[in-house]
Amino acid sequence: MQTRPAIDLARGILMATFSLTPEAAWTALVTTSQNTNTKLHRLAEDLVNSVHGPVLSENVRGHLGAAVAKAKQTPPQPDAAPAPTNSMTPQWRTVSSQ
C-alpha cells in the first residue's frame with residue numbers, strides 16, 4: 001500500500017510530539033480524518049508535510065488538537081485491538097517541535 005508510509009510517519013510525529021502511545025496516535029488520526037471529512041492518507045501527508053512546509057488549516061489543527069487531547073485523557077483499553085503496525089515503521093531518535 002503506497003499510503004502506508006505517510007500514515008506511519010504521521011503517527012510517529014504525533015507519538016513523539018505529544019507523547020502518545022501508538023494506539024492513541026492512530027485514534028487521533030482516524031478521529032481527525034472523520035471529523036474533517038478528509039481521507040486518512042491525505043491528512044497524514046498534510047501532517048508530514050507541515051513539519052517543514054505549509055501549516056495545517058485552522059480547521060484541521062482544531063480537530064487534531066481536540067483528538068490529541070481526548071487521546072491523552074483516555075486510558076488504554078486492555079482488550080482493544082492494537083493499531084496497525086508496519087515492520088518498516090521508523091524509529092525516532094530526535095524530534096524538533098517546530
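The values are calculated or read from the model by the stated rules, or taken from the named source; none is laboratory data. These figures come from a predicted structure and were not determined experimentally. Positions of Cβ are generated from backbone atoms using ideal geometry, with glycine treated the same way; all protein chains shown enter the neighbour counts. Surface accessibility is based on the protein's heavy atoms, side chains included, excluding ligands, DNA and RNA. Shrake-Rupley method; radii C 1.70, N 1.55, O 1.52, S 1.80 Å.
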Those trypsin sites (Lys or Arg not before Pro) in the stretch 1-72 that DSSP places in a loop and that have at most 11 other beta carbons within 10 Å:
LYS39
Report the label-to-label distance for SER57 and ALA16 in nanometres (one decimal), using points 7 Å from each Cα along the Cα→Cβ vector.
2.7
Can you give the accessible area of SER57 in Å² (nearest 10), computed on protein heavy atoms with a 1.4 Å probe?
60
